[in-house]
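Written out below as structure tokens is the structure these notes cover.
Rule-based calculations on the coordinates, nothing more; no lab input. A quick note: this is a predicted structure, and the numbers were derived from the prediction, not measured. When we count neighbours, we look across all protein chains shown, and the Cβ atoms used for this are built from the backbone with ideal geometry, even at glycine.
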Amino acid sequence: MQTLWQDLRYGVRMLLKQPGFTLIAVGTLAISIGANTAIFSAINALLLRPLPVENLDRVVSSYALREGFDPFGSSFLEYAAYRDRSHCFVSSGVATQHSFNLTGQREPERARGANVMADYLITLGVRPLLGRAFSADDDRPGGPPVALIGYGFWKKHFAGNIGVIGQSLNLDGRTYNVLGVMPQGFDLPGAAEIWIPLQTNIENLPLTERAATSHEIVARLKAGVSVKQADVELKAIARQLEQEYPNFRRGWSVKVISLRQDLLGDLEGRVRKALFALVGGVGFLLLICCANIANLQLARGIVRQRELALRGALGAGRCRLVRQLLTESMLLALVGGAGGLLLANWLVPALAMLNPIRGLSLGEFLHNFELDQRVLAFAVVTTLLTGVLFGLLPALKATGAHELMSRIKETDHRSGGAGSARRWFHGLIIAEIAIALTLLVCGGLMVQSFQRLQRVDLGFNPENLLTLKMALPASKYSQYRQRIAFTDQLPERMRNVPGVLSAGITTNIPLEREIAYDAIFNVEGRPPPNPNEVPITSHRIVTPDYLETLGVTLIKGRLISKNDRAEMLPVVVVSQEFARQAWPGEDAIGKRVRRIRAGQTFPWMTVVGVVKDVKEDRFNYRINRPVWYVPYAQVENDFPVNLIIRTAIDPNSLTAAVREAIHSVDADQPISNVMTMNTNLSTVLVTERFGAVLMGTLAISGLLLASIGLFGVMAYSVSQRTGEIGLRVALGAQAKHVLGLILGQGVKLILWGVGIGLAVAWGATQLLVSLLFETKAADPMTFASIALLLISVSLLACFFPVRRALSVDPMIALRSE
Amino acid sequence: MNSNELTETQPTNVVNGNGVHPLIRLAGVTKVFLTDEVETHALSGIHLDIREGEYISIAGPSGCGKTTLLSILGLLDTPSEGSYALKGHEVANLSFADRARVRNREIGFIFQSFNLIGDLSVFENVELPLTYRGMSAGDRKALVTEALERVGMAHRGKHLPSQLSGGQQQRVAVARALAGRPAILLADEPTGNLDSRNGEAVMQLLRELHQGGATICMVTHDERFAQHADRTVHLFDGQIVEDRMAA
Ligand SMILES: Nc1ncnc2c1ncn2[C@@H]1O[C@H](COP(=O)(O)OP(=O)(O)OP(=O)(O)O)[C@@H](O)[C@H]1O
Ligand SMILES: [Mg+2]
């Protein structure tokens, strides 16, 4: 204890004696530890922290899949089959997202909710905070009208009053009794605030309803069963269903993923990959930092050899000396770690703003990055580890001298630093450059990929667009003509609002974070398609003026017009991709297509126009999918409607006027999701943005740290070689010779680093392939330009040391004693 | 004008008594160091001619300006005033690069501390100034071998300096100084770091070189070694107080 205290005091003194070294070391450490801590806070929030679902990592959810399409919801048919035939699960349940029109309170409001099977909540292992959950009795068909409400909803609508149990709620024109309040933050499925029992006997439903893919399945794995095993088993069951219900199930498969992955909106596993890539990135940064400080320490160790030799002569064992030096390193690491925590404290909120997840559920947990105990523990461990990592090698090197005499002689010989230590310097700096290059290449690829994604042609003009969603309540709009009347009237009314240029209605806004509708179609004159290759299109039902308002590009024919009414010829406007798939190499105009669905016949629709591809699907952002637009007046539906408004001024400034105009048509109509198109778009590429911004930042930091490292080594080397350089100049070396000597050393290090780095980067980028868009992992341009960038910056880092070398006075050769 | 050439400033009257240019002529050379507003007159009004083939020793108390004088002779430093002609050519206006070239070709240095480069072998150390001339490898090898043979170190060419004794190292340093066949050898206390036996050996070597025709200018404290020279210049407080030919 006594000696530790002594070591500490001496360590503090040594660090204060060399403020330049201490500042660089602490700064580098703070940056690396801060970055590591911040990224870990994201990992913690997204992957590690417990969520209000019991034993989350044993819960899975399933998606219905068709080759090459968006993931679909699941059907009751599947649910029942999985429940009855699978041996993987302890329990399973199903839920259907459902938005309620909440009335009888203040302004009519739209609230997210769900119809859930009692087993759904049991499978998730959530229990109400107040009151009770649904019993089997509540859940039977014809059961009582009861509801559970969310914690936030309770606070907002019932002021957190405990007496809420038994009070009534008016949902979609029906009265429900509140049965319980769910725990804070719980909102599955889909950010639900209200849950009502499903009250459905699946077996009694007509087959068309049982086959509808609009539900969400969760299941809890039996002990010892892996997600993979469940996936394999359910895929087998899905194949049985294809045989049993060929009309409905042919071509459908299933994918089982862990609930956590589902919550991250990460069906393709990109978030997880991006996070791991970033972990790799910050880890690399930390390595560069350690190499840097180890180098500085090595250099100091050489300078301090006399001191250490003296201590040795006075009887200090090697252990004692190593401990002394390690204490200093630890001290440095701790100060750097404290700085890192300060930095992280500031970085974490910024990181949270860049949140990479697209999922809606459990946002209160998943969007909340913070420095909790686990993150703090991580920071402390990282700090200590760093201290050992950069402290041990120099300490062992500095104290490992056996022949002191040869060392004293060596210093007399104008050598460029003690031989073996120099090999370490060079090895470390080469490693730093190689790592920095790897980081830069990965960052460069991810940034490029992100930029390409951002520059993707959306097929419409997103500027100055305001969008909002309305579900037309069945109580008022049970008749289709009532809905048509509303959708006819509303855009007209909007045009009278000052600042509005035009308005239209669609059943899905492009790229919105809601359930998007698809349709299976049939092309006239083509044999009924192979059931395994059912053509599917995005299905958009729109009013006249919608396509103009959105700003699509008409390639051929016309858009939907006011004259496309129910009694007129059924028409359709298709996208280029649709036309390409349906009539390759032919003119689409005048051709006919029709929607198909088991148990229903739809009329043939004549193609009247072809528009440039519009990005409609969030999941398929990276490709162009077929889309068709059909007139609202010609296709009976009860989908929620979305109003889009093209404005002449800032769309945000019009929200009040727009609400007013809607309520002048229908005073009770609930309105939700009021936002600009750009706000909507900003949520599309969150994972990619997160990856690109972070990897880019890491790469730049890596470049900086490696340059500082190279600068340090070169500066140190020049200072060690001053005598040698002076001697050479005295012997007639010209500026070019000195330049060659010093720069040559730098260039050699740089080229080695770049060479090794290129190889490492080539390997590392192979892991990024699935994250990249229209960017080859082994893109030679990127590799070449990054290598060039690194070489130029490193040469710049050599500039001052070289200049110093060039100004060495040859008199030094005479003056040394 | 080709900047490689020394500038001829005094074409006519630099002729010495026996009808040739002195190898070196310093006229009115003064060196003033300015440090923190303190002026140090390291040299004042030095007139010194060195003829080819002379062996001069410069002596005097510590701080009298010996090293300063040598550094000016060796083109490591420039006089504050006065002129310096080498082989009849004024050196004052030479560019940095030309000075380096002249140092490399005309001057051989022997330093007090042997100033060998620890990472280079004995052979490479001797070769170093020749590489700065852009001489071919074959020519260099011949000159280096010859120089090493002169100092009796040819058999140690592959060794590193740290594997040699102090006296051997200084012999290598002498080999380096003479390998390029310079016009003059400058030595600043070449025996300062050696014991008397090794010092004696180096002195013996210099004397042999002198007998072989080399021009040598050596700074030494040691009266005994000063006697090896055939001319002794005594400095005091930056001035020449005695310039005596040996008997
Ligand atoms: N770069 C310099 N700046 C300031 N003063 C200097 C410088 N170099 C030499 N001097 C001063 O010039 C004077 C002569 O120095 P010089 O090194 O020539 O002495 P010296 O005769 O070689 O002495 P010694 O026998 O101790 O080597 C001294 O007073 C010294 O302090
Ligand atoms: Mg001196």
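Each Cα pair of chain B feeds into the Kirkwood radius, which the Stokes-Einstein equation turns, at 25 °C and 0.890 mPa s, into a diffusion coefficient of 131 µm²/s. For the residues of A:722-731, the average number of beta carbons from a partner chain within 10 Å of their own beta carbon is 6.
Between B:Val172, B:Val38, B:Val144, the Gaussian network model of chain B with springs among Cα atoms under 10 angstrom shows the greatest mean-square fluctuation at B:Val38. Considering only Cα atoms, the convex hull volume of chain A works out to 207 Å³ per residue. When B:Asp119, A:Asp545 are arranged by Cβ crowding within 10 Å, least crowded first, meaning fewest neighbours, the order is B:Asp119, A:Asp545.
Taking every residue in B:93-102 and counting other chain Cβ atoms within 10 Å of its Cβ, the average works out to 3. Taking amide hydrogens as placed 1.01 Å from N in the peptide plane, the amide H of B:Arg231 sits under 5 Å from those of B:Tyr55, B:Ser57, B:Ala246, each at least 5 positions away in sequence or on another chain. Couplings for segment A:589-596, taken from phi via the Karplus curve 6.51 cos²θ - 1.76 cosθ + 1.60 with θ = phi - 60°, read 4, x, 6, 10, 9, 8, 6, 10 Hz in order; Gly and Pro are left as x. Once backbone amide H atoms are built at 1.01 Å from N, A:Lys222 has A:Phe89, A:Val90 as its partners under 5 Å, excluding neighbours fewer than 5 places away on the same chain. With the helix formula -39500 (n - 2.57) applied to DSSP H stretches of n ≥ 4, chain A reaches a computed 222 nm mean residue ellipticity of -16500 deg cm²/dmol. Pairs with C-alpha atoms separated by more than 30 Å, drawn from the list A:Lys155/A:Lys469; A:Lys736/B:Lys141; A:Lys397/A:Lys748; B:Lys31/B:Lys141, are B:Lys31/B:Lys141. Near the amide H of B:Asp243, within less than 5 Å, lie the amide hydrogens of B:His234, all on another chain or at least 5 residues away, with H placed in the peptide plane.
Inter-chain Cβ neighbour count for B:68-76, averaged per residue, equals 3 (cutoff 10 Å, partner chain atoms only). Holding the Cα-Cα limit at 19 Å, pick out from A:Lys476/A:Lys562; A:Lys556/A:Lys612; A:Lys556/A:Lys591; A:Lys222/A:Lys273 the pairs that are longer than that. Where the Cα-Cα span goes over 19 Å, the pairs concerned are A:Lys476/A:Lys562; A:Lys222/A:Lys273. Using equal-weight Cα scatterers in the Debye expression, the normalised intensity of segment A:68-250 in log10 at q = 0.12 Å⁻¹ is -0.62.
Expressed as a rounded percentage, what relative contact order does chain A have, with Cα pairs under 8 Å and six or more residues apart? In percent, rounded to a whole number, it is 17. Rounded to the nearest angstrom and listed largest first, the equivalent-ellipsoid semi-axes of segment A:99-141 from its Cα gyration tensor are 25, 12, 11.
Each of A:Leu384 and A:Leu569 was given a label point 7 Å from its Cα along the Cα-to-Cβ line. The distance between the two points is 8.0 nm. The string of couplings for segment B:49-65 from the Karplus curve (6.51, -1.76, 1.60, θ = phi - 60°) is 10, 10, 8, 4, x, 6, 10, 10, 10, 10, 10, x, x, 4, x, 7, x Hz, one whole number per residue in order, with x for Gly and Pro. Backbone geometry of segment A:24-36 corresponds, through the Karplus equation with coefficients 6.51, -1.76 and 1.60 at θ = phi - 60°, to 3J(HN,Hα) couplings of 4, 5, 5, x, 4, 4, 4, 4, 5, 5, x, 5, 4 Hz, x marking Gly and Pro.
The residues B:Lys31, A:Lys17, A:Lys736, when put in order of fewest to most other Cβ atoms within 10 Å, stand as A:Lys17, A:Lys736, B:Lys31. The calculated FRET efficiency for A:Ser682 paired with A:Asp809, based on their beta-carbon distance and R0 = 56 Å, is about 0.40. With neighbour counts taken as other beta-carbon atoms within 10 Å, the residues A:Ser329, B:Ser62 rank, fewest first, as B:Ser62, A:Ser329.
Computed from the C-beta positions of A:Gln18 and A:Arg318 and an R0 of 22 Å, the FRET efficiency is 0.40 to the nearest 0.05.
Helices in chain B, meaning DSSP H runs of at least 4 residues, each add -39500 (n - 2.57). Divided by all residues, the mean residue ellipticity at 222 nm is -9500 deg cm²/dmol.
If R₀ is 45 angstrom, what is the calculated FRET efficiency for the pair A:Thr601 and A:His367, using the beta carbon separation as r and rounding to 0.05? It comes out at approximately 0.45.
Put a dot 7 Å past the Cα of B:Asp36, heading toward its Cβ, do the same for A:Glu660, and the two dots end up 8.1 nm apart.
Averaging the sequence gap over all C-alpha pairs within less than 8 Å and six or more residues apart, then dividing by the number of residues, gives segment A:68-250 a relative contact order of 34 percent.
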